[in-house]
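The values are calculated or read from the model by the stated rules, or taken from the named source; none is laboratory data. All values reported here derive from a predicted model rather than from experimental measurement. Methodologically, a virtual Cβ is constructed for each residue, glycine included, from the backbone with ideal geometry; neighbour enumeration extends over all protein chains shown.
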Amino acid sequence: MNQKIGYGIVLVLACIAPLVLYPIFLMKVLCFALFACAFNLLIGYTGLLSFGHAAFFGGAGYATGYALKTWGLPTELGILFGVLVAAAIGLLMGALAIRRQGIYFTMITLALAQMFYFFYLQAPFTGGEDGLQGVPRGSLLGWLNLSNDLTLYYVVLAISIAGYALIVRIVHSPFGQVLRAIKENEPRAISLGYDVNRYKLLAFVLSAALSGLAGATKTMVLGFETLTNVHWTMSGLVVLMTLVGGLGTLIGPIVGAIIIIALENKLGTLGYFLSSVTGIEWFQSLGDSVTIVTGLIFIICVLAFRRGIVGEILARFKRAPAS
Amino acid sequence: MDIFGIPIQAMLSQLLLGLVNGSFYAMLSLGLAVIFGLLNVINFAHGALYMMGAFFAWMGMQYFGLNYWVMLIVSPLLVGAIGIAIERTMLRWLYKLDHLYGLLLTFGITLLAEGMFRSFYGVSGQSYPVPDALAGGTNLGFMYLPNYRAWVVLASLVVCFATWFVIEKTKLGAYLRAGTENSKLVEAFGINVPLMVTLTYGFGVALAAFAGVLAAPVIQVSPLMGSNLIIIVFAVVVIGGMGSILGSILTGLGLGVIEGMTRVFYPEASATVVFVIMAIVLVIRPAGLFGKEK
């Protein structure tokens, strides 16, 4: 009951948000929130740390951008194509990476994603360093014109909610329970007769496809796609969002994505503010030092704040009735 | 004299360049393996510390007029000290947790270090001259051998084999190997394991810094030089497996050579060839060439 009220409040807030805030910024936040939730499906519920999710996010972005711009596909088919490409890359990467466990899994995903990065850097259809520019938004199902930011915002909101609902459904399904069993104790899951590798692979492909949905939508919204989205720093960024919000919590990644994207966008302003308050000139260059700040947040989170914001709040609520 | 239509000189010089890159892979993957063995941490910051090693060499020359040979010793010592500080203040708290936190912490350190050097020096590379004693080259009759590159390969081989010797053949190395197998038991014998862990981390990252100083005259010293390398080194580690020290050295050198040869025959694939080999190895022998199946 409480949960339903909570979701209702968030939904209302999400619907009126574009009246207050810049819709493009909000859509970016929504796409990254979906991306982080998809990533969390793997790290939080299956216990697999992938450091290669940029390959799906950016890969789907390029696929959708190319399909919309060069083939002139309708918007919904373009996004579907991006999702399929991300799922295919996920199938390939997942099949290789699940052959090793633990830390090796992470290194393999990182290395394979870097391979895709070089591929996108050299491939003719991505525009190399310049990126893929001028991707049209088109119209949804041929009748809803998406060139209006506000209309597009509600479409993106619907896409994100659908993606999120699917993730919630997966987590609470019997399949999700098996994933959690694998996370808790893999040998036990094996001895219970589950084909662990098939479950891991399916979780990996699902996570890849949903990350692809986020990436494809983002390209359609912004109208361009660049190498930033396939670089390993993007894989690191989504890890950070999930970590800040809380690994293995449903809404944590959303909170993390909002905080990190807001921080990235407003860091310059914050820097000027700090500089005017403290009189230290160095703060003015804070906007250019996103990497330093991200690195610091990483270190602080890992050392002192491993449950993340939502994880800490939940832990406090759980402790309260007992005392 | 041509082989497959490619002049043998061009091929030999690419082979040498491949060996140079291979020695960096070997030194970095060796350090990663030693650290992972004792600390159970995959040190993502290895690339950043390699970059710092190169930068310190450049800064030593630029600001203090210290030459290459001095910095070849001082820079690894400095970076080793930084490593010891990182281990003592941060890494130490994560040993009991899942491996992934060690990776995430060192990833954060990488971003921090890269970001700081970028905000001071920008992304463009700083050039570092080849030391006078090693300038020029030797004509071997069949090819022209740049002295500095030969020195890099030689120096790294010596360092790698010295490390192998210390770990496999000396008493100190025996403690280290015992600590890798079962650190509690070694501690019960009265050996200061926490100190050993700290020094191991310091040594591992000093090795990375040594590689960085060696690399400074070959490639441009830039804040991004480390992270580009570390991902390839991860692939090298996956290919070779971290179980064997000689295995790490051989895999590193071998992959460097293969990469160099790819640059001759099919340049477009030279950036990806290591990753493709990794994928093939994972299909054929998932535990890695020198790894043991657990």
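Candidates A:G78, A:G65, A:G127, A:G131: the one that is in contact with a Ser or Thr (Cβ under 8 Å, 6 or more places away or on another chain) and at pLDDT below 85 is A:G131.
Among the conditions (1) touching a Phe, Trp or Tyr at 6+ places or on another chain (Cβ under 7 Å); (2) part of a helix (DSSP H, G or I); (3) surrounded by fewer than 23 Cβ atoms within 10 Å (Cβ to Cβ), A:A86 misses just one, which is (3).
Sort out which residues of segment B:242-284 are within 10 Å of chain A (Cβ to nearest Cβ) and assigned to a loop (DSSP other than H, G, I, E, B), and write them in order of number. Residues satisfying the conditions are B:M242, B:S270, B:A271, B:T272. Screening segment A:278-304 for residues that are over 17 Å from A:T233 (Cα atoms) and modelled with pLDDT of 85 or more and picking the one that is nearest to the other protein chains (Cβ to nearest Cβ) gives A:V302. Of everything in segment B:90-128 that is more than 9 Å from chain A (Cβ to nearest Cβ) and over 21 Å from the mean Cα position of the chain (by Cα), the residue that is farthest from A:I292 (Cα to Cα) is B:K96.
Every residue in segment B:51-72 that is among the aromatic types (F, W, Y) and without any contact (Cβ under 8 Å) to a residue 12 or more places away in the chain, please. Within segment B:51-72, B:Y63, B:F64 qualify.
Looking at this structure, is B:A150 within 14 Å of chain A (Cβ to nearest Cβ), touching a residue at least 40 places away in the same chain (Cβ under 8 Å) and of a type in the set (G, A, S)? Please lay out each step first, then the result.
On the way: within 14 Å of chain A (Cβ to nearest Cβ): no; touching a residue at least 40 places away in the same chain (Cβ under 8 Å): yes; of a type in the set (G, A, S): yes.
Here the answer is no, as B:A150 does not meet what is asked.
Against the definition (modelled with pLDDT under 85, within 30 Å of A:V20 (Cα to Cα) and buried (at least 22 other Cβ atoms within 10 Å of the Cβ)), how does A:V156 come out, yes or no? No, not satisfied.
Considering only segment A:90-107, state which residues are away from chain B (no Cβ under 13 Å) and either under 17 Å from the mean Cα position of the chain (by Cα) or of a type in the set (V, I, T) (or both).
Here is the first cut: in segment A:90-107, the ones away from chain B (no Cβ under 13 Å) are A:90-91.
Within segment A:90-107, A:G90 is the sole residue that qualifies.
Within the span defined as segment B:24-41, one or more residues are more than 14 Å from every other protein chain (Cβ to nearest Cβ) and either of a type in the set (F, W, Y) or touching an Asp or Glu at 6+ places or on another chain (Cβ under 8 Å) (or both). When segment A:108-137 is filtered for residues that are more than 14 Å from chain B (Cβ to nearest Cβ) and either among the aliphatic types (A, V, I, L, M) or surrounded by fewer than 22 Cβ atoms within 10 Å (Cβ to Cβ) (or both), the ones remaining, listed by number, are A:F125, A:G127, A:D130, A:G131, A:L132, A:Q133, A:G134, A:V135, A:P136, A:R137.
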